[in-house]
Every structure is written in structure tokens, then in C-alpha cells.
Amino acid sequence: MEKKSFIKNKYTLWLFILVVSILLADVFFHKGMMRVLLPESFTSKRTPATLTNCNRQLKTTGKIWRKGVNSIQQFNALPGDIAGFEMDVYFDTTKNYLEVYHDSAGYSNLKIEELLKLYQSKNLTAAIWLDFKNLTNANKQQSLNYILHIRENYNLQNKMIIESSSPQLLKSFCDSGFYTSYYIPFFNPYLLTENENIAMVDTIAANITSYPSTALSGYYFQYPFLKNFFPNYPLLTWAEDPALSLVSKIFNQQLMKDKQLKIVLYPF
């Protein structure tokens, strides 16, 4: 009996050690998500601000969207009931249309209308997030006219998000009825000093006070910062798929429950 008890306890101990090791590894490899799960005020020297936003409607059936649908192959892989998807777009003023690709390393001359024709042929109802990479003063009116054209031709009223890192350039899109999102500057609030976080609060607040957008978008580790200081602004973010990670699963469950968080992009 003692021998069996010893063997049982030995294997129980090894199982316990294995489980703890797996959990510690999960926390280590997903420490960014783990940080987000823990409360953080960032600074007490700035209070949450209720600022006017560009109130526009977006028709969508859910908050789980697909990130980086930048090719015909990826487009064809979309499920028919997808709530929405994001595309990276550049406006070519010479050709007068949007090209779909992420950056110069993956340049493509794929015209957005090639994908929108597939959108129609597949009878999709998904909303579309356009991550506008090169919106400028020089092309804002020409690109607005073109996007108005595709909105009408492909029946995308209240189904488009126009995102840019230049909030002042989103005003004309807001005035034309588009749901707009200010892509905030890249920074990690968990790695900044208190004074640096204060400066970021002030910069974002000044931008959206002068040029209100409909929503704010940023990396998942920026989401708690935005939620804390801009509580009346809808938030858009992107995150990793839960996969087999317990930390990731708990983190993503939190995202799904947050009513301020309107859309979460997940990669293919």
C-alpha cells in the first residue's frame, strides 16, 4: 500500500510540476496580454475626458473581424458569414483608384474593385475597414470622391471604416457620412514614464478635440490606456488568436465582453 501511495504521489507531483511549468511558460510568452489583464491607471494626473466624436453608424453583425485581407486568395478564404474584414490600401492619384497591399515589401497593383466584385458575387454583407496608409492633403479630395463612388456602386452605405493616422484628414470623410477611426501614434504605455504617458494623453485629446473621429484604433496593449482616458470613444483593436493559450483565451474573452470595444481584428 505504501509503495502504491508513493508512486501515486510521485506522479501527482510530476503532473503538478508539468501543469505549473506550462502555465508559467504561457504567461511568459503572452506577458503583453497578461499585463493588459491587470489593472493599471498609467497616471492620476489626467482624468478621463468626455470628448465629442463624429457620430456615424456602422452596420456589422459582430466584433470579430479578419485582419489584412489583401489578396484574392485571402478574400476567397473568408467565411460567408464574416462580420467584417480589414484591408490595407494606398490611393494612386495617377490611376485614380485604391491599391490593396500592406507595405512596399509586399507591393501589389491589386485594385480594390477586384475584391469588391468578388464581395458582390459571394453575396457578402460584411463591413469593410480600410486602413488608409497614404492619406494626405494632396489626395484627400480625389480619394474621397473615389471612395464615395465605390460606396454607391457596391452598396456599402454604413459598412465602411476609414482609418488614418492623420485625424485632420478624416474630417471630410466624417462629413460625408463615413465611420472614421483615428489610428493613434505607436507607443507602449506600459513602457513609458508617467510624464510620457501624460504627454500622449494630451496629444490624443488635442487631436480629437480639433478633429473628432468616430473611433480610436490601436494595438491591443494600447487599448486599456485608451479605455481609461477616452471612455466615450468607441475602440478598435487587433489581437492574437486564442489558440491553445489560456492567457490568450482569458484575454480575448475580456475583449469580447467590453462594450466600448467595437471591433477586434484577428489574423488569418
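Laid out as a table, the results:
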{"item": "Per-region count, region 116-145, residues farther than 24 Å from residue 74 by Cα and of a type outside the set (Lys, Arg)", "result": "10"}
{"item": "Residue check, residue 249 in contact with an Asp or Glu (Cβ under 8 Å, 6 or more places away or on another chain) and in a helix (DSSP H, G or I)", "result": "no"}
{"item": "Matching residues, region 137-187, being more than 19 Å from the chain's Cα centre (by Cα), over 19 Å from residue 116 (Cα atoms) and open to solvent by 40 Å² or more (accessible area, probe 1.4 Å)", "result": "137, 138, 140, 141, 142, 168, 171, 175"}
{"item": "Check on residue 213, surrounded by 22 or more Cβ atoms within 10 Å (Cβ to Cβ) and either at pLDDT 95 or above or at negative phi (or both)", "result": "yes"}
{"item": "Tabulated pairs, region 253-264, first under 12 Å from residue 239 (Cα atoms) and open to solvent by less than 90 Å² (accessible area, probe 1.4 Å), second of a type in the set (Gly, Ala, Ser) and not in a strand (DSSP E or B), C-beta under 7 angstrom, 6+ apart or interchain", "result": "255/239; 264/239"}
{"item": "Near pairs, Cβ below 9 angstrom, 6+ apart or cross-chain, from region 64-75 (more than 20 Å from residue 237 (Cβ to Cβ) and open to solvent by less than 20 Å² (accessible area, probe 1.4 Å)) to any residue that is in a loop (DSSP other than H, G, I, E, B) and of a type in the set (D, E, K, R)", "result": "75/122"}
{"item": "For residue 33: the one exception among (1) farther than 27 Å from residue 176 by Cβ; (2) of a type outside the set (Gly, Ala, Ser); (3) assigned to a helix (DSSP H, G or I); (4) open to solvent by 20 Å² or more (accessible area, probe 1.4 Å)", "result": "(4)"}
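The values are calculated or read from the model by the stated rules, or taken from the named source; none is laboratory data. Computed from a predicted model, the values in this text were never measured in an experiment. So basically every Cβ, Gly included, is an ideal-geometry build from the backbone, and we count neighbours across all protein chains shown. The area values use the complete protein model at the heavy-atom level, side chains included, leaving out ligands, DNA and RNA. Shrake-Rupley method; radii C 1.70, N 1.55, O 1.52, S 1.80 Å.
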